[in-house]
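The values are calculated or read from the model by the stated rules, or taken from the named source; none is laboratory data. Here the structure is a predicted model, which is why all the values come from computation and not from measurement. Backbone-built Cβ (ideal geometry, glycine too); neighbour counts: all protein chains shown.
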Amino acid sequence: MSITRLFKTVTKALQEKPLPPPPVTFTPDVAKKMHEMLNKHVPAQAVAYCLALWKEQPFSFKITRTRSSCFGNYTFKDGQHKITVNNDLSIYAFVITYIHEIAHQRAWLNKTRKKIDPHGAEWKKSFQLLMAPILNPEVFPETILVPLSRYMSNPAASSVSYAPLAKALQMHELIPQSGILLSDVPDNQWFTFRNAVFQRLEKRRTRVLCMERNSKRRYTILATARVDLIEG
């Protein structure tokens, strides 16, 4: 292939598929904005630490609208690490979620094999190491610190899957949620959840076996899910 033809081929390819944006770096202005966001959403005693984590391995950070499916999210695409956290979380749920997502980034950066499980051993270890410096009463009230410490001994994909921690965090919610916890619903009681009607059957470890009324199909729902009782 001639030099001229090669140049045209490369130029056309670049026009069709732009180069990915450069990795996130922090400038004084970006660092100031990041500090302001953290200062508003995490406990005061954890702000400096949370900012330091970002400076060590910068990522694109965004506070998003409420998402019923998750509290936060981490993605790596086109050379960019991106983390989002819901805007309606209490300062305690926010900082746990923030570090949960950074643990995904660190697990990805430090992986020693091509593919790792999203919430596998690498993530668990990263999450535990990152949470350790703030797992103290200066950051968390005792009502949260006790169940949080137990949860961190073997963290699961979602902090709300551990009922004691979920209940403790709900006491500090910015916007109180309606309904009651499925764990507090008696067996055989009917309730509504996500626009469907279910009957509670029996408690499992962190979930509850339920039957959907129309299809008669059985599902397991997190015991910490909020539901509305059907009276009568």
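Could you tell me which residue of region 66-91 is nearest to the chain's Cα centre (by Cα), considering only residues that are within 14 Å of LYS40 (Cβ to Cβ) and in contact (Cβ under 8 Å) with a residue 60 or more places away in the chain?
Here the answer is LEU89.
Please pick out the residue among PHE198, PHE191, PHE140, PHE127 that is within 17 Å of the chain's Cα centre (by Cα) and among the aromatic types (Phe, Trp, Tyr).
Of the residues listed, the single one that is within 17 Å of the chain's Cα centre (by Cα) and among the aromatic types (Phe, Trp, Tyr) is PHE127.
Please work out which one of (1) without any contact (Cβ under 8 Å) to a residue 12 or more places away in the chain; (2) under 24 Å from ALA168 (Cβ atoms) is the condition ILE63 fails and give its number.
(1)
Can you tell me which residue in region 173-232 is nearest to SER158 (Cα to Cα), limited to those that are of a type in the set (A, V, I, L, M) and without any contact (Cβ under 8 Å) to a residue 40 or more places away in the chain?
Out of the qualifying residues, it is ILE221.
Which one of ALA107, ALA166, ALA156 is aliphatic (A, V, I, L, M), surrounded by fewer than 21 Cβ atoms within 10 Å (Cβ to Cβ) and in contact (Cβ under 8 Å) with a residue 12 or more places away in the chain?
ALA156
So how many residues does region 182-200 have that are out of contact with any helix residue (DSSP H, G or I) (no Cβ under 9 Å at 6 or more places or on another chain), under 26 Å from TYR151 (Cβ atoms) and crowded, with 16+ Cβ neighbours inside 10 Å?
So the answer is 2.
Looking at SER161, SER149 in this structure, which one is in contact (Cβ under 8 Å) with a residue 12 or more places away in the chain, touching a strand residue (DSSP E or B) at 6+ places or on another chain (Cβ under 8 Å), farther than 16 Å from TYR74 by Cβ and of a type in the set (Ser, Thr, Tyr)?
After applying the criteria, what remains is SER161.
Before we move on, is PHE94 closer than 14 Å to SER158 by Cα and at pLDDT below 95?
Spelling it out, it is not the case that PHE94 is closer than 14 Å to SER158 by Cα and at pLDDT below 95.
Residues that are of a type in the set (Asp, Glu), over 26 Å from the mean Cα position of the chain (by Cα) and either at pLDDT below 95 or farther than 20 Å from GLN170 by Cβ (or both): does region 215-229 have at least one?
No - not one qualifying residue is present in region 215-229.
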